[in-house]
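Student: Submitted below is the structure of interest, expressed as structure tokens.
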Amino acid sequence: MVSAFDHGGGVRSVRVPIPDNPLGHTLVYVVDTDRGPVLVDTGWDDPGSWDALRAGLAACGTAVGEVYGVVITHHHPDHHGLSARVREASGAWVALHAADAAIVRRTRETRPERWFSYMAAKLTAAGAPEAHVAPLRTPRARTLPGLSPALPDREIVPGELLDLPGRRLRAVWTPGHTPGHVCLHLEEEHPARLPGHGRLFSGDHLLPGITPHIGLYEDPDDATVTDPLGDYLDSLERIGRLSPAEVLPAHQHAFADAPGRVRALLDHHESRLAGLLALLAEPLTPWQLAERMEWNRPWTDIPYGSRNIAVSEAESHLRRLVKLGRAEPVPGSDPVTYTAV
Ligand SMILES: [Zn+2]
Ligand SMILES: [Zn+2]
């Protein structure tokens with residue numbers, strides 16, 4: 001199996017497996033600089049994934065000890081999981097946007113019980129049945145993935161060039177999938193001279209065949225009413241205007257025609273919002289809405305953890321509709337229901 005792919009112009013990618021996940025792997029990009037390779041994302045924290053990353057770096061003609069820096073697109077464990085190990089082995093800096101750095105800090109400080117009681121309260125408010133919420137209340141030893149993610153050494157500042165000696169890599173803030181998600185724009189001519197403006201490391205923001213999950217920015221300590229779907233749609237337009245010649249995403253494969261993919265995703269969300277409005281002809285809780293939405297399989301086949309993610313996605317769409325003035329909460333309903341205006 002080829003463990004590294006050469007994208008030309010001093011950029012390669014390594015497939016780092018994500019255990020037991022249909023996504024399969026994270027594409028970790030290796031960007032040559034005058035001071036040694038810089039990684040875009042690191043992959044899932046698992047012994048097999050670590051071995052794959054090391055083998056991939058060897059296939060790139062380098063080694064983990066040579067890594068000069070690590071740029072993280074967002075805090076999720078399939079992107080940021082191995083950052084601590086890479087830093088330990090190399091002394092590399094690790095950079096993350098401030099909003100996702102805050103999540104990392106909170107994850108490290110929050111006891112799991114606090115998180116489970118927050119989730120139980122949140123799901124009850126969303127109209128989840130007691131049978132679904134009850135397991136979150138039983139005092140049992142539980143573990144969460146990525147409990148101790150690496151604290152970054154540097155902040156990724158939107159609009160600024162990152163410290164890649166001899167290269168031009170600029171951070172573009174693209175909140176939505178997470179509040180501190182960034183894309184990274186390599187402002188250099190495409191090595192095969194494809195038309196457009198440079199290349200874009202797009203993380204999970206723009207993928208060729210997957211619509212990224214847009215939920216709520218879950219934070220037990222922050223009651224701000226955010227609009228992640230609105231943020232995501234704005235971020236998509238920003239990337240469309242950038243018109244990169246090629247997109248290098250964190251999953252699946254590289255692709256051209258970013259503006260076309262952006263349009264397809266904007267259309268997808270527009271028709272999804274229209275479909276939800278039709279469902280909201282009758283008042284529904286977020287849970288009831290999630291049950292009626294279209295997923296990649298029937299609701300009854302969706303496993304427990306994925307249902308929580310689905311409800312979060314239903315809520316982000318409700319937030320958007322309320323913000324647009326196209327839906328509103330029914331006064332006095334408990335748990336709160338929403339209806340189309
Ligand atoms: Zn992600
Ligand atoms: Zn991902």
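The values are calculated or read from the model by the stated rules, or taken from the named source; none is laboratory data. Nothing here was measured: the structure is a model prediction, and the numbers come from that model. Neighbour counts run over all protein chains shown; Cβ positions are idealised from the backbone, glycine included.
Student: Just for region 3-56: of the residues that are of a type in the set (A, V, I, L, M, F, W, C) and surrounded by fewer than 17 Cβ atoms within 10 Å (Cβ to Cβ), which one is farthest from the chain's Cα centre (by Cα)?
Tutor: Checking each candidate, the answer is A55.
Student: So for region 265-279 (the condition being within 16 Å of ligand 1 (Cβ to nearest atom) and surrounded by 17 or more Cβ atoms within 10 Å (Cβ to Cβ)), does at least one residue qualify?
Tutor: yes
Student: Another one. For H185, state whether it is within 16 Å of ligand 1 (Cβ to nearest atom), at pLDDT 95 or above and within 22 Å of the chain's Cα centre (by Cα).
Tutor: no
Rundown of residues vs (1) free of Cβ contacts under 8 Å to residues at least 40 places away in the same chain; (2) among the small types (G, A, S); (3) closer than 22 Å to D231 by Cβ, yes/no style:
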| site | (1), (2), (3) |
| --- | --- |
| T285 | no, no, no |
| Q288 | no, no, no |
| P298 | yes, no, no |
| S306 | yes, yes, no |
| G325 | yes, yes, yes |
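Student: So, one more: Condition first: touching a Leu at 6+ places or on another chain (Cβ under 7 Å) and either under 30 Å from Q288 (Cβ atoms) or free of Cβ contacts under 8 Å to residues at least 24 places away in the same chain (or both). Now tell me which residues in region 243-277 satisfy that.
Tutor: Residues satisfying the conditions are L265, L266, H269, L273, L276, L277.
Student: Would you check if V71 is touching a residue at least 60 places away in the same chain (Cβ under 8 Å), in contact with a Gly (Cβ under 9 Å, 6 or more places away or on another chain) and among the aliphatic types (A, V, I, L, M)?
Tutor: No; evaluated as a whole, the condition is false for this residue.
Matching residues to (1) farther than 30 Å from P195 by Cβ; (2) of a type in the set (A, V, I, L, M, F, W, C):
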| position | (1), (2) |
| --- | --- |
| D231 | no, no |
| F255 | no, yes |
| G260 | no, no |
| A274 | yes, yes |
| P303 | yes, no |
| H317 | yes, no |
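Student: Is it the case, given these coordinates, that G215 is in a loop (DSSP other than H, G, I, E, B), farther than 17 Å from T178 by Cβ and within 16 Å of ligand 2 (Cβ to nearest atom)?
Tutor: no
Student: Restricting attention to helices (runs of 4 or more DSSP H) lying wholly within region 68-175, give those where 1 or more residues are exposed (fewer than 15 other Cβ atoms within 10 Å of the Cβ) and either out of contact with any helix residue (DSSP H, G or I) (no Cβ under 8 Å at 6 or more places or on another chain) or at pLDDT 95 or above (or both).
Tutor: Those helices (runs of 4 or more DSSP H) span 83-90, 98-109, 112-125, 130-137.
Student: Next question, about the same structure. Looking only at residues in region 198-212 that are more than 13 Å from ligand 2 (Cβ to nearest atom) and in a loop (DSSP other than H, G, I, E, B), which one is farthest from L27 (Cα to Cα)?
Tutor: The extreme case among them is G198.
Student: Just checking, which of L23, L53, L39 is out of contact with any Phe, Trp or Tyr (no Cβ under 9 Å at 6 or more places or on another chain) and away from ligand 2 (no atom under 13 Å from the Cβ)?
Tutor: Just one listed residue meets the conditions, L53.
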